[in-house]
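The values are calculated or read from the model by the stated rules, or taken from the named source; none is laboratory data. Remember, predicted model here, so these are calculated numbers, not experimental data. Cβ coordinates were reconstructed from backbone atoms using ideal geometry, including for glycine residues, and neighbour counts include every protein chain displayed. Ligands, DNA and RNA are excluded from the accessible area calculation, which covers all protein heavy atoms including side chains. Shrake-Rupley method; radii C 1.70, N 1.55, O 1.52, S 1.80 Å.
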Amino acid sequence: KALFVSGTKAAIDDGKSLVARAFAEAKVQKSAVSADLAGQVAAEKAARSSERTGVYKHLMTGVSYMLPFVVAGGLLIAIAFALGGIYVYDDAHKGTLGQALFLIGAKSGFALMVPILAGFIAYSIADRPGIAPGAIGGMLAGTIGAGFLGGIVAGFLAGYVVKFLNDNIHLGRNLDGLKPVLILPLLGATIVGLLMIYVIGEPVAAALSSLTAWLKGMQTANAVVLGAIIGAMMAFDMGGPVNKAAYAFSTGLIASADNAVYGPMAAAMVAGMTPPLALSLATKLFADRFTHDEREAGNAAFFLGISFITEGAIPFAAKDPLRVIPSLMVGSALAGMISMGVGAELKVPHGGIFVLPIPNAVTHLGGYVVAMIAGTVVSAIMLRILKPKVVEA
């Protein structure tokens, strides 16, 4: 397709000239998937961000700012386990590099996860004055056992409380400068903190405790169903809201060292790895179903897949969503089912295959690898069945 890109100002100022420029300067576009896979992934993610609105926008803002803390903290924990074993945190390893890295990752990186989530949900709603009340509410959520659910509640509460205060407190031109640095953070943190302690915190903590107990008490059949749901969600939009919801749910469950649940995290990561891996495999085994550019992009998709970057499948899905997305969901659901069915647990929230060799980072490692391979192969076969042959000029 010939494409011409312009801002709105040119259309408003002189529409007739803009149309003439469009006919003169439009260029034919390449295939929707090219070897520049990373650039396409970045462009698609930017487009998704611009489309976010309302409650979803605020939640995804919090999750986006939280993820670097999750990834950095989780990988530091994984390195600590590699150096000192799964019990690196006990007194026998006091003073070692492994324990130091564990303290950085678990006691600092992970400890900041919920406050950052809450603070930036509030920031998305109320701008900078919302950060402190949101982060303080998130810290309280962790203190009283409300966990990531409490953090989400605290973030939205802080955001809307601060926004209400900002809209309704008028001090005049000379004193309005005090609002963002003093009045709004102080009043917002006080109101949110008191509500978290006396009203909201305990019910949310009880809900999280019930959820945790239910997950820990799951028998194999129920665990398999949960694994299938998490797996399908991870592949549905590959980094979009459904994927992020499954991932945030899974990471939230491992954030509390005292009451953590690790099975869903294992299912989420294996299911998130399989879509790019399946596309990479399919471009090699069933090359006649893909264009030359897609086959080239399959090489990059492999490395993204083993690194647990599900977004590597986005350009393929964007070009042929009705065939690609169902194929990927089936394989990822199978991978999640097998992972939960064998009882695999993942102690770190990221890292792809690079965390698998770390002792005890993944339990039931053999079954976990089978889950990854099975999901990848099934999705590749589904792609072979559903996608028609490509005829290139």
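Scan segment 335-365 for residues that are open to solvent by 50 Å² or more (accessible area, probe 1.4 Å) and modelled with pLDDT of 85 or more and the total you get is 6. Going by the structure shown, is residue 91 among the acidic types (Asp, Glu) and modelled with pLDDT of 90 or more? The answer is no for residue 91. Filtering segment 178-223 to residues that are β-branched (Val, Ile, Thr) and buried (at least 20 other Cβ atoms within 10 Å of the Cβ) leaves 192, 200, 204. Scanning segment 242-297 for residues that are more than 10 Å from residue 230 (Cα to Cα) and among the hydroxyl-bearing types (Ser, Thr, Tyr) yields 251, 256, 262, 274, 280, 283, 291. The number of residues in segment 282-298 being open to solvent by 30 Å² or more (accessible area, probe 1.4 Å), touching a Ser or Thr at 6+ places or on another chain (Cβ under 7 Å) and within 17 Å of residue 376 (Cα to Cα) comes to 1.
Select from segment 89-143 the residues that are under 23 Å from residue 65 (Cβ atoms) and among the hydroxyl-bearing types (Ser, Thr, Tyr) and write down the one among them that is surrounded by the most Cβ atoms within 10 Å (Cβ to Cβ). Among them, the one singled out is 123. For residue 85, the test of being under 27 Å from residue 136 (Cβ atoms), open to solvent by less than 30 Å² (accessible area, probe 1.4 Å) and touching a residue at least 12 places away in the same chain (Cβ under 8 Å) is failed.
Condition first: in a helix (DSSP H, G or I), in contact (Cβ under 8 Å) with a residue 60 or more places away in the chain and surrounded by fewer than 17 Cβ atoms within 10 Å (Cβ to Cβ). Can you find one or more residues in segment 367-385 that meet it? Yes, segment 367-385 contains at least one residue that is in a helix (DSSP H, G or I), in contact (Cβ under 8 Å) with a residue 60 or more places away in the chain and surrounded by fewer than 17 Cβ atoms within 10 Å (Cβ to Cβ). Of all the criteria given as (1) out of contact with any strand residue (DSSP E or B) (no Cβ under 7 Å at 6 or more places or on another chain); (2) modelled with pLDDT of 80 or more; (3) over 24 Å from residue 313 (Cβ atoms), the one not satisfied by residue 243 is (3).
Within segment 52-77, restricting attention to residues that are without any contact (Cβ under 8 Å) to a residue 40 or more places away in the chain and assigned to a helix (DSSP H, G or I), which residue is surrounded by the most Cβ atoms within 10 Å (Cβ to Cβ)? Taking the candidates together, the pick is 76.
Of the residues examined, residue 96 is one that is modelled with pLDDT of 85 or more, touching a Gly at 6+ places or on another chain (Cβ under 6 Å) and of a type in the set (Ser, Thr, Tyr).
Checking each residue in segment 2-14 for being more than 22 Å from residue 28 (Cβ to Cβ) and either in contact with a strand residue (DSSP E or B) (Cβ under 9 Å, 6 or more places away or on another chain) or surrounded by 10 or more Cβ atoms within 10 Å (Cβ to Cβ) (or both) picks out 11, 14. Note on segment 14-33: residues that are modelled with pLDDT of 80 or more and in a strand (DSSP E or B) amount to 1.
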